[in-house]
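A.B. asks: Let me begin by handing over the structure; questions about it come next.
Just so it is clear, none of the values below were taken in a lab; they were calculated from the coordinates. Here the structure is a predicted model, which means the values were calculated and not measured. Cβ atoms come from the backbone with ideal geometry, glycine included; neighbour counts cover every protein chain shown.
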Amino acid sequence: MAKKVALMQGNEACAQGALYAGCDFFAGYPITPSTEVAEVLSIELPKIGGKFIQMEDEIGATAALIGAALTGAKALDSTSGPGMSLKQELLGYACIAEIPCVIVNVQRGGPSTGMPTGPGQSDMQQAMWGTHGDHAAIVLTPASCQEIYEETVRAFNLAEKYRMPVQIQLDEICAHMRERVTLAEPGELEIINREKPSVSPADYKPYDATKGMVPPLATYGSGYRFHVTGLNKAADGFPTTKAELVDAEERRQIDKVMFNLADIQKNEEYLLDDAEVILFAYGSTSRSARYAVNELRKEGVKAGMFRPLTMWPFPDDRVAELSKQAKAIVCPEMNLGQMVREVQRVAQGRCTVAHIGRVDGEPINPGQIIDKVKEVL
Amino acid sequence: MAYDYEKSIRPGKLPHIWCPGCGHGIIMKGLIRAMDTCNLDRNNTAVVSGIGCASRLPGYLDACTLHTAHGRAAAFATGVKMAKPEMTVLVVGGDGDGTAIGGNHFIHACRRNIDMTYIIMNNSIYGMTGGQFSPCTPTGALASTTVYGNPDPTFDIAKLAIGAGATFVARGTAYHAAQIDKLIAEGIQHKGLAVIEILDDCPTTYGRRNKFRSVIDMMKRLKDIAVPVAAAAKMTPEQLEGKVLTGVLHKEERPEYTEQYAEVIKRAQGV
Ligand SMILES: Cc1ncc(C[n+]2csc(CCOP(=O)(O)OP(=O)(O)O)c2C)c(N)n1
Ligand code: SF4
Ligand SMILES: [Mg+2]
């Protein structure tokens, strides 16, 4: 049977990926350039008996997302910069209460209202550190419509598996460009659903990690009566200020991610084997970077590209290795220096680390990258 | 025989955190009795709150309980109800939580007329943070951030709820304890968004500052200012000066939100 292929926008591919993953709940608030995700799901979700609700603001949307997730829903929310700033408190709530859900941030220029229709990559550090308090984050950065489709499925899988919010960081270019997307057949891509408790309701503790770092999550309305709070809590879900319990819980919630890096991290390595200059690029900027690598190769420059699809947790180990191999790592980003800070931190001065920043609402073009590479070599 | 509250309380969770004389406990007992009156299945009842002294209530109840972030309870609860309309959803919280930081979610829950019962425990103050004024603090009253007298006008929560579209609005007081469960039960049985405001006291952060010598004085005030709606109908505006109406203040029938969305699903599916 012929595969189902469709021409679609990145935002639409995101909505389609969510549906494939089993998303049955969306809550959001309209904002450019993310609105198409909501529009598509407002049409598609009721068709499958799912729920779509447009909330009164972005905080309310994340609140509804968490409430729905506790009833067993696989929930998605999409937004852009100003909305993402509003969501930060409840993103932290989803971290500490360990609620699986997926939030898409289609990045635009900023701060504040900035450039609503212009692309940006300026929320990359916010994605990790935007909410207060120590926590782990999983942040995915796809770069094509096909990849947005598949990475949205992966985002749901990671959210369910690790019982936490997962963020997808798009940018306006990826979100609005149209490409061919091959839609997966049922069963073709793996779908992971959260682990449900195997113990009786009387024995259930929502944060009991004795059998693994990710405790099973029961569903409201299924006979399990449990308490959920944003306060530091003990295994039974009730607030505690006991130092050793708070410490253990805080650390477990970070360790559940950091001890599973091989499962969570994903990168593309393009012509890296002999590369002397490595472009560290992601999202739409990586498309210019790939073009630049090809052009540089034609001129005999040993260029390659390292492209994280999981940006957070940051690929420390691999970037450290690359910093030993390369003379220089060049980071093109539509911001004034965000992920380059991580590259510098990890490279520890072993190679030159250079940045190309652009925040004028225009994409970084291959010529700019080629010029920078020639300058640093 | 004494009423058995224990069966609805989570084993081992008492004593509660509330101060002696705090009205929140009276309201919790009323809520427990109302849940009983309505025969609520606690497995299918979500009790959702924000942050504040009042919002600590769900932790004591043996149900599906969700203690959220300051002001956001109505929005979390909307997610629960929307995703699982067969659940009974109760929202509880303070005046500050519901009408200041949570005001936006509050009015939109009222507007949607989503089938939930929102119990606001109005002690006219931010109790938990030590007595700063709230949108429900009387003008002129003393609070830790209004030591020269509160310059802010005061919200009338019931009027706010009616204006925003709530289809059942009632008011009681912590003094009139026997009425609380009746109002809440009627709210639970009502289809749509029900707001039950219970005027409450905070002896610790409001009473002391505002020259109430004891909890009894605060309770006496609640007794004195409350006028049942039926009695008020026979009173002159002069007689009603400084009084607040209690009982069921508003009741109407309007399409409920999750039922409306069920229609959306039917239309989308072409049935
Ligand atoms: C976002 C945020 N802002 C401020 C606070 C601090 N805070 C906690 S409880 C509270 C006031 C609670 O007052 P109310 O809702 O009236 O409940 P009460 O304590 O009086 O029962 C405030 C301001 C917070 N927890 N979160
Ligand atoms: S501070 Fe006030 S509202 Fe809080 S528990 Fe004490 S009396 Fe009640
Ligand atoms: Mg209060």
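A.B. asks: Using modelled amide H (1.01 Å from N, peptide plane; none on Pro or chain starts), what sits under 5 Å from the amide H of A:Phe226, excluding residues fewer than 5 places away?
C.D. replies: B:Thr65
A.B. asks: Here's something else I'd like to know. With +1 on each Lys and Arg Cβ and -1 on each Asp and Glu Cβ, and nothing else charged, work out how big the dipole of the protein assembly as shown is about its Cα centre, in Debye to the nearest 20.
C.D. replies: 1040 debye
A.B. asks: Among A:Gly110, B:Gly94, A:Asn267, flag the residue with its Cα farthest along the positive direction of the charge dipole of the protein assembly as shown, charges on Cβ as +1 for Lys/Arg and -1 for Asp/Glu.
C.D. replies: Farthest towards the positive pole: B:Gly94.
A.B. asks: I need A:Arg194, B:Arg221 ordered by Cβ neighbour count within 10 Å, fewest first.
C.D. replies: B:Arg221, A:Arg194
A.B. asks: Quick check on packing: order A:201-213, A:97-109 by the mean number of other C-beta atoms within 10 Å, highest mean leading.
C.D. replies: For the peptides A:201-213, A:97-109, the packing ranking is A:97-109, A:201-213.
A.B. asks: Hey, if you put +1 on the Cβ of every Lys and Arg and -1 on every Asp and Glu Cβ in the stretch A:104-254, which of A:Cys174, A:Cys145, A:Gln253 ends up farthest toward the positive end of that dipole?
C.D. replies: My answer, from the dipole projection, is A:Gln253.
A.B. asks: As I understand it, the dipole of chain B uses +1 on the Cβ of Lys and Arg and -1 on the Cβ of Asp and Glu, about the Cα centre. Which of B:Ala161, B:Gln269, B:Gln189 lies farthest toward its positive end?
C.D. replies: B:Ala161
A.B. asks: If you filter the stretch B:182-245 for GluC sites (Glu not before Pro), then keep DSSP loop positions with at most 15 other Cβ within 10 Å, what is left?
C.D. replies: Filter output for the stretch B:182-245: B:Glu241.
A.B. asks: Can you give the average number of partner chain beta-carbon atoms within 10 Å of each beta-carbon in peptide A:20-27, as a whole number?
C.D. replies: Shielding by partners across A:20-27 averages 1.
A.B. asks: By what distance, in whole Å, do the Cα atoms of the stretch B:79-175 stretch along each of the three principal axes, largest value first?
C.D. replies: 49, 28, 25
A.B. asks: Right, another one. Select from chain A the helices, each a whole stretch of DSSP H, whose alpha-carbon atoms run 15 Å or more along the helix axis and whose Kyte-Doolittle mean is at least -0.5; answer none if there are none.
C.D. replies: Answer set is A:10-21, A:35-47, A:58-70, A:81-97, A:366-376.
A.B. asks: Oh, and also: Step through the residues of the stretch A:352-361 one at a time and calculate ³J(HN,Hα) from phi using the Karplus curve (6.51 cos²θ - 1.76 cosθ + 1.60, θ = phi - 60°), rounding each to whole Hz and writing x for Gly and Pro.
C.D. replies: 5, 10, 10, 10, 10, x, 8, 9, 9, x
A.B. asks: Just to confirm a number: summing +1 for Lys and Arg and -1 for Asp and Glu over residues other than A:Thr131 whose beta-carbon lies under 11 angstrom from that of A:Thr131, what do you get?
C.D. replies: -1
A.B. asks: So, in nm, how far is label A:Leu231 from label B:His250 when the simple model puts each one 7 Å beyond its Cα toward the Cβ?
C.D. replies: About 3.4 nm, to one decimal.
A.B. asks: Of A:Lys196/B:Lys7; A:Lys161/B:Lys13; B:Lys182/B:Lys234; A:Lys51/B:Lys191; A:Lys87/A:Lys205; A:Lys74/A:Lys266, which sit over 25 Å apart, Cα to Cα?
C.D. replies: Violating the 25 Å Cα-Cα cut-off are A:Lys196/B:Lys7; A:Lys161/B:Lys13; A:Lys87/A:Lys205.
A.B. asks: Set the Förster distance to 51 Å, then compute FRET efficiency between A:Ala6 and A:Ala248 from the Cβ-Cβ distance, nearest 0.05.
C.D. replies: E(calc), rounded to 0.05, equals 0.60.
A.B. asks: So, with +1 on the Cβ of K and R and -1 on the Cβ of D and E, and no other charges, what is the size of the charge dipole of the stretch B:17-269 about its Cα centre, to the nearest 20 debye?
C.D. replies: That gives a dipole near 220 debye.
A.B. asks: To the nearest 20 debye, what is the magnitude of the charge dipole of chain A about its Cα centre, counting +1 on the Cβ of each Lys and Arg and -1 on the Cβ of each Asp and Glu?
C.D. replies: For this selection, approximately 340 debye.
A.B. asks: Once phi is turned into θ = phi - 60°, what whole-Hz ³J(HN,Hα) does the Karplus curve with 6.51, -1.76 and 1.60 give for every residue of the stretch B:85-100, x standing for Gly and Pro?
C.D. replies: Result, ordered by residue: x, 6, 7, 7, 10, 10, 10, 10, x, x, 5, x, 4, x, 10, 9 Hz.
A.B. asks: Using a Förster radius of 22 Å, what is the FRET efficiency between A:Asp371 and A:Thr32 based on their Cβ-Cβ separation? Nearest 0.05, please.
C.D. replies: That pair, A:Asp371 with A:Thr32, gives E of 0.10.
A.B. asks: Counting pairs of Cα atoms in the stretch A:97-239, how many percent are more than 19 Å apart?
C.D. replies: 62 percent
A.B. asks: Over the Cα atoms of the stretch A:269-376, compute the convex hull volume and normalise it per residue, giving Å³.
C.D. replies: Convex hull volume per residue, Cα atoms: 87 Å³.
A.B. asks: Moving on to the next point. Ranked from highest to lowest mean number of other Cβ atoms within 10 Å per residue, what is the order of the peptides B:247-254, B:31-38?
C.D. replies: Sorting B:247-254, B:31-38 by mean packing, highest first, produces B:31-38, B:247-254.
A.B. asks: Need one value for B:36-47: mean number of C-beta atoms belonging to other chains within 10 Å of its residues' C-beta atoms.
C.D. replies: 2
A.B. asks: Please list, ordered by chain and number, the residues whose modelled amide H lies under 5 Å from the amide H of B:Ile119; skip anything fewer than 5 residues away on the same chain.
C.D. replies: B:Val91, B:Val92, B:Gly93, B:Ile196
A.B. asks: Can you list the residues, at least 5 places off or on another chain, whose amide H is less than 5 Å from the amide H of B:Ala226, using H built in the peptide plane?
C.D. replies: B:Val244
A.B. asks: With an 8 Å cut-off on Cα pairs and a minimum separation of 6 or more residues, tell me the relative contact order of chain A in percent.
C.D. replies: Dividing the mean separation by the residue count of chain A yields 16 percent.
A.B. asks: Sort out the exposed loop chymotrypsin sites (Phe, Trp or Tyr not before Pro) in chain B (DSSP loop, at most 12 other Cβ within 10 Å) and tell me the longest stretch that has none.
C.D. replies: Within chain B, the longest run free of exposed chymotrypsin sites (Phe, Trp or Tyr not before Pro) spans B:4-147.
A.B. asks: Can you pull the Rg over Rh of the stretch A:54-146, Cα-only, Kirkwood?
C.D. replies: With Rh from the inverse mean 1/r over Cα pairs, Rg/Rh is 0.96.
A.B. asks: Viscosity 0.692 mPa s, temperature 37 °C: Stokes-Einstein D of the stretch A:165-283 from its Kirkwood Cα radius, in µm² per second?
C.D. replies: Roughly 175 µm²/s, to the nearest whole number.
A.B. asks: Taking each residue of A:67-77 in turn, how many C-beta atoms of other protein chains fall within 10 Å of its C-beta, and what is the average?
C.D. replies: 5
A.B. asks: Need one number: nm distance between label points at A:Asp316 and B:Asp152, each 7 Å from Cα along Cα→Cβ, rounded to one decimal.
C.D. replies: 4.5 nm
A.B. asks: Could you tell me the ratio Rg/Rh of the stretch A:1-115? Both radii from Cα atoms, Rh via Kirkwood.
C.D. replies: Result: Rg/Rh = 0.98.
A.B. asks: Expressed as a whole percent, how much of the Cα-Cα distance distribution for chain B exceeds 25 Å?
C.D. replies: Within chain B, distances greater than 25 Å cover 43 percent of Cα pairs.
A.B. asks: What's the FRET efficiency of B:Arg111 with B:Ala262 using the Cβ-Cβ distance as r and R₀ = 30 Å, to the nearest 0.05?
C.D. replies: The computed FRET efficiency comes out at 0.95.
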